[in-house]
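The values are calculated or read from the model by the stated rules, or taken from the named source; none is laboratory data. All figures in this text were calculated on a predicted structure; none of them were measured in a lab. Cβ placement follows ideal geometry from the backbone for every residue including glycine, while neighbour counts extend to all protein chains displayed.
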Amino acid sequence: MHKNSYTLSLTASQTLAYILRCISEGKNENQIAERFDGDIEVVKAWVDALKRIHFLVKNYFDELIITPDGADHLQKFNSNR
């Protein structure tokens with residue numbers, strides 16, 4: 001299998017921001033996993049980590065929502081680019 005060179009070259013901070021950005025665009029875990037060579041387990045691990053640090057929550061419809069802390073982090077990350 002050919003690995004996605006884009007996601008392989010991301011740092012942890014870049015991966016965190018990338019996943020937050022994807023969620024802010026309305027993508028779900030399966031759609032995000034497409035960029036990680038279909039590895040849904042990797043994406044779920046990142047999502048779980050983002051929930052633990054209170055950057056993401058799930059709403060009543062089981063959709064991922066970025067918290068204000070997550071939005072602040074994403075904004076800071078984007079401004080430092």
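Remarks
- Any hit, the stretch 6-17, residues being modelled with pLDDT of 90 or more, closer than 24 Å to residue 76 by Cα, part of a loop (DSSP other than H, G, I, E, B) and polar (S, T, N, Q): no
- The set of residues from the stretch 23-36 being without any contact (Cβ under 8 Å) to a residue 12 or more places away in the chain and either closer than 17 Å to residue 77 by Cβ or surrounded by 13 or more Cβ atoms within 10 Å (Cβ to Cβ) (or both) comprises 25, 27, 31, 33, 34.
- Output for the stretch 53-81, where each listed residue is assigned to a helix (DSSP H, G or I), under 13 Å from the mean Cα position of the chain (by Cα) and surrounded by fewer than 16 Cβ atoms within 10 Å (Cβ to Cβ): 71
- Residue 45, sole failed condition from (1) small (Gly, Ala, Ser); (2) farther than 15 Å from residue 75 by Cβ; (3) touching a residue at least 12 places away in the same chain (Cβ under 8 Å): (3)
- Filtered residue count, the stretch 47-78, keeping only those that are closer than 14 Å to residue 18 by Cα, at pLDDT below 95 and aromatic (Phe, Trp, Tyr): 1
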